[in-house]
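Visitor: Sending over a structure as structure tokens; questions will come in a sec.
Derivation of every value follows stated rules applied to the coordinates shown; laboratory data play no part. Note that the structure is predicted; figures quoted are calculated from it, not measured. A quick note on method: Cβ atoms are made from the backbone with ideal geometry, for glycine too, and the neighbour counts reach across all protein chains shown.
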Amino acid sequence: MGKIAVYPGSFDPVTNGHCDVVRRGLRLFDKVIVAIARNGTKDPLFTVEERLEMLRSTFKDVPNVEVDSFDGLLVGYVVKRQADAILRGLRAVSDFEYEFQMALMNRKLNKHIQTVFLMTGLRWIFISSSIIKEAAQFGGDIRGMVPEIVFEKLRDKFPSLRPEA
């Protein structure tokens, strides 16, 4: 079966920074499962089903990437999927503090699950889903920062997003 990593997140929406982490994660793992965390405390722009569709379309030509969603504890999902590690992307020191806490908690819950951090490529270091949504809402040119399907879906949500952007 090979080494499997779970790359969890809300992916609301997926950005090219996320895609960069997945592609570089495939250099370390035989398979990456991109897993949308169903989080009842967040108010997402896109439904889980819409995010699954966008992710599946984005990675349709990458056979060793699987897209899924999960409820509950991440470590429980990782065990269920027989994965070896949790894959996480880091952009800045502020990301590290939060991710470090989460990795320690996950390790406390299951000492057999490792967390692997990858720095986001410099080209994408400033991008977050929140920044993308805000820029799109006000008609900013976000093309090239997200996969094409995400751009189209954001244009559907935000009519002020210029078609020629």
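Visitor: Under 5 Å between amide hydrogens, which residues at least 5 positions from residue 161 or on another chain qualify, with H placed 1.01 Å from N in the peptide plane?
Guide: Excluding prolines and chain starts, which carry no amide H, the hits are 139.
Visitor: Pick out which of 42, 108, 60 has the largest mean-square fluctuation in a Gaussian network model of the chain, springs linking Cα atoms closer than 10 Å.
Guide: Fluctuation is largest for 42.
Visitor: If you plug each phi of region 12-17 into the Karplus form 6.51 cos²θ - 1.76 cosθ + 1.60 with θ = phi - 60°, what whole-Hz ³J(HN,Hα) values come out, in order, with x for Gly and Pro?
Guide: For region 12-17, the Karplus curve yields 10, x, 5, 10, 5, x Hz.
Visitor: Could you work out [θ]222 nm for the chain from helices alone, using -39500 (n - 2.57) per DSSP H run of at least four and dividing by all its residues? Round to the nearest 500 deg cm²/dmol. If you can, show how the numbers build up before the last one.
Guide: Details: 6 runs with 64 residues, N = 165.
It comes out at -11500 deg cm²/dmol, rounded to the nearest 500.
Visitor: Please list, in chain and number order, the residues 5+ apart from residue 87 or on another chain whose amide H is under 5 Å from its amide H, with Hs placed from the backbone.
Guide: HN-HN under 5 Å from residue 87: 6, 7, 116.
Visitor: Sort out for me the Cα centre separation of region 110-131 from region 16-76, rounded to whole Å.
Guide: 13
Visitor: Quickly rank 2-13, 81-92 as a protection proxy: mean count of other C-beta atoms within 10 Å, highest first.
Guide: Numbers: 2-13: 20.5, 81-92: 18.9.
Highest-to-lowest ranking by the protection proxy: 2-13, 81-92.
Visitor: Provide the per-residue ³J(HN,Hα) series for region 47-57, in order, calculated from phi with Karplus coefficients 6.51, -1.76, 1.60 and θ = phi - 60°, each as a whole number of Hz, with x at glycine and proline positions.
Guide: Each residue of region 47-57 in turn: 5, 4, 5, 5, 5, 4, 4, 5, 5, 4, 5 Hz.
Visitor: What are the lysines whose alpha-carbon lies under 20 Å from the alpha-carbon of residue 3, with same-chain residues fewer than 8 places away excluded?
Guide: 31, 80, 111
Visitor: Something else: Amide H neighbours of residue 69 under 5 Å, counting only residues 5+ apart in sequence or on other chains, H built in-plane at 1.01 Å?
Guide: For residue 69, the qualifying residues are 36.
Visitor: Whole-Hz ³J(HN,Hα) for each residue in region 118-124, computed from phi via Karplus 6.51 cos²θ - 1.76 cosθ + 1.60 with θ = phi - 60°, x for glycine and proline: what do you get?
Guide: Values per residue, Gly and Pro as x: 10, 6, 5, x, 3, 4, 10 Hz.
Visitor: Evaluate the distance, in nm, between pseudo-label points positioned 7 Å from the Cα of residue 38 and of residue 92 along their respective Cα→Cβ axes.
Guide: Inter-label distance under the simple model: 3.3 nm.
Visitor: While we're on this one: Taking N as the number of residues in region 4-126, what is its Cα Rg relative to 2.2 N^0.38 Å? All intermediate terms of the calculation are to be shown ahead of the outcome.
Guide: Working: Rg = 13.6 Å, N = 123, 2.2 N^0.38 = 13.7 Å.
Its radius of gyration relative to the 2.2 N^0.38 Å reference: 0.99.
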